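Comments concern the structure below.
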Amino acid sequence: MMNEIRQMIENGESETTEFKENFDKEETIVIDDRMIEGTVIEQVDETMDFIRKNINVRFVMTGKPAREEIWDYPLEALREAVINAVCHRDYTISSNTEVRIYDDKLIVWSPGGLPFGITLDDLYKPHSSVLRNKGIGSVFYDMGWIEQWGSGIDKMRKACVEAGIPEPLFDEYQGFRVTFRKDIFTEEYLLNLGLNERQIKAVRYVKEKGKITNKEYYTINNISRQMATIDLANLVEKGIFMRTGKAGKGIAYQLPKLTNK
């Protein structure tokens, strides 16, 4: 048994690939591809290096000495997905763990479905962790890569919500798959919907603050309350904002929760 555990820890492969999709021609082009061999620890670290190389990052000045890095997807969520894939995959299956990077999504796939006794619905609520590979799990736990059994899914979901992107999708597709999606409410997307600069500014405000009221809307845009009401109603009609709260000062506007859409 110890030799089997040592072999799983010391040997393995992960495949990481970046794709470019051309929807007009209905084709997918491979931009970058790498086979990562080595220990499970090296697989995680080198896979994250590949991901950082192939996703976008922008820098925001916050007034602090260091600039804030804003990645397409929160790195802590991606790392958690990669750790989970390497730790929980079925090593009796010869397929490699895979990371696929597309223009609008990033997929982490691992051989083998969920462990017996765990369903997809269980992932969205507190659940016990059924370890398929206890040796690897123990190593990752001792390294601090796993903080608490069964907490990885929740960490991924929270990190994506805090980053303002949709929650990841979890499904069993010839194995177990985690799909991260970008923030769909980009400035280009909003402009294509016909939003004006005031409305786009409000979307940025909600991404940062979580919600906006009528008063906050007309204050940041320096317009009348009536115009703010018209703009906000239009945002609700277009499905960009959802209205919450009761009548009066309790009304606020938020971005819809893009969980499993």
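The values are calculated or read from the model by the stated rules, or taken from the named source; none is laboratory data. Everything numeric in this text was worked out from a predicted model, so none of it was measured. Heads up, the Cβs are rebuilt from the backbone with ideal geometry, glycines too, and the neighbour counts pull from every protein chain shown.
Need pairs with beta-carbon distance below 6 Å; first residue among the hydrophobic types (A, V, I, L, M, F, W, C) and within the stretch 237-255, second in a loop (DSSP other than H, G, I, E, B); sequence gap 6+ or separate chains.
242/256; 251/245; 252/211; 252/213; 252/245
Within the group 52, 79, 89, which residue is at pLDDT 90 or above, closer than 25 Å to residue 147 by Cα, surrounded by 17 or more Cβ atoms within 10 Å (Cβ to Cβ) and of a type in the set (D, E, K, R)? Talk me through it step by step, then tell me what you get.
Values: 52 fails: surrounded by 17 or more Cβ atoms within 10 Å (Cβ to Cβ); 89 fails: at pLDDT 90 or above.
None of the other options fit; the residue is 79.
Say we look at the stretch 174-193 and pick out the residues that are of a type in the set (Ser, Thr, Tyr) and farther than 23 Å from residue 126 by Cα; which of these is modelled with the lowest pLDDT? Before the answer, list the steps.
The first filter runs over the stretch 174-193 and keeps only residues of a type in the set (Ser, Thr, Tyr), leaving 179, 186, 189.
In the following step, the residues that additionally are farther than 23 Å from residue 126 by Cα were identified as 186, 189.
Values: 186: 79, 189: 82.
Top of the filtered list is 186.
The conditions are (1) at pLDDT 95 or above; (2) more than 24 Å from residue 58 (Cβ to Cβ), and residue 248 fails exactly one of them. Which is it?
(1)
Quick one: count up the residues across the stretch 194-233 that are farther than 28 Å from residue 81 by Cα, surrounded by 14 or more Cβ atoms within 10 Å (Cβ to Cβ) and not charged (D, E, K, R).
Of the residues in that region, 16 qualify.
Can you list residue pairs whose Cβ atoms sit under 6 Å apart, with the first residue in the stretch 79-107 being farther than 17 Å from residue 134 by Cβ and the second being assigned to a loop (DSSP other than H, G, I, E, B)? Count only pairs 6 or more apart in sequence or on different chains.
93/111; 93/112; 95/111; 97/89; 104/182; 106/73
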